[in-house]
Amino acid sequence: MQQLIICRCEEVTLAELEETAKQFNCTARELKLRTRAGMGFCGGRTCRPAVDKVISDLTNEHPTDNVPLKVAPPVRPISLQDLGGGGNND
């Protein structure tokens with residue numbers, strides 16, 4: 001049986017969010033911290049709307065009710081050439 005993955009970076013499933021919400025009676029913020037939903041490599045840029053919707057449904061809190069976890073872009077941009085080190089060194 002396949003599981004619906006809500007956060008691909010952290011591989012958080014809908015079932016995991018539901019189980020954690022029931023077990024700990026979490027707030028929206030606590031549920032994100034316990035499961036790491038939206039906290040992966042993309043910083044929530046890919047899954048944030050889905051994570052917020054599911055957590056809102058599970059906790060009956062709207063994202064603006066509490067201080068939400070923020071989406072954080074990288075500290076500074078880096079070129080792909082610098083990242084890969086594949087410059088032309090003649």
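Looking at the range 7-48, which of its residues are in contact (Cβ under 8 Å) with a residue 24 or more places away in the chain, touching a Lys or Arg at 6+ places or on another chain (Cβ under 9 Å) and among the β-branched types (Val, Ile, Thr)?
Matches in the range 7-48: Val12, Thr46.
Across the range 11-27, which residue is modelled with the highest pLDDT among those that are buried (at least 18 other Cβ atoms within 10 Å of the Cβ) and not in a helix (DSSP H, G or I)?
Val12
Considering each residue of the range 28-65, count those that are surrounded by 15 or more Cβ atoms within 10 Å (Cβ to Cβ), in a helix (DSSP H, G or I) and of a type in the set (A, V, I, L, M, F, W, C), and give that number.
7
Starting from the range 77-90, take each residue that is exposed (fewer than 10 other Cβ atoms within 10 Å of the Cβ) and list its partners that are modelled with pLDDT of 75 or more, counting only C-beta distances under 6 angstrom and pairs at least six apart or across chains.
Sorted first by the residue in the range 77-90, then by its partner, the pairs are Gly87/Gln81.
The values are calculated or read from the model by the stated rules, or taken from the named source; none is laboratory data. The model shown is predicted, which means the values in this text are computed figures rather than measured ones. Cβ atoms come from the backbone with ideal geometry, glycine included; neighbour counts cover every protein chain shown.
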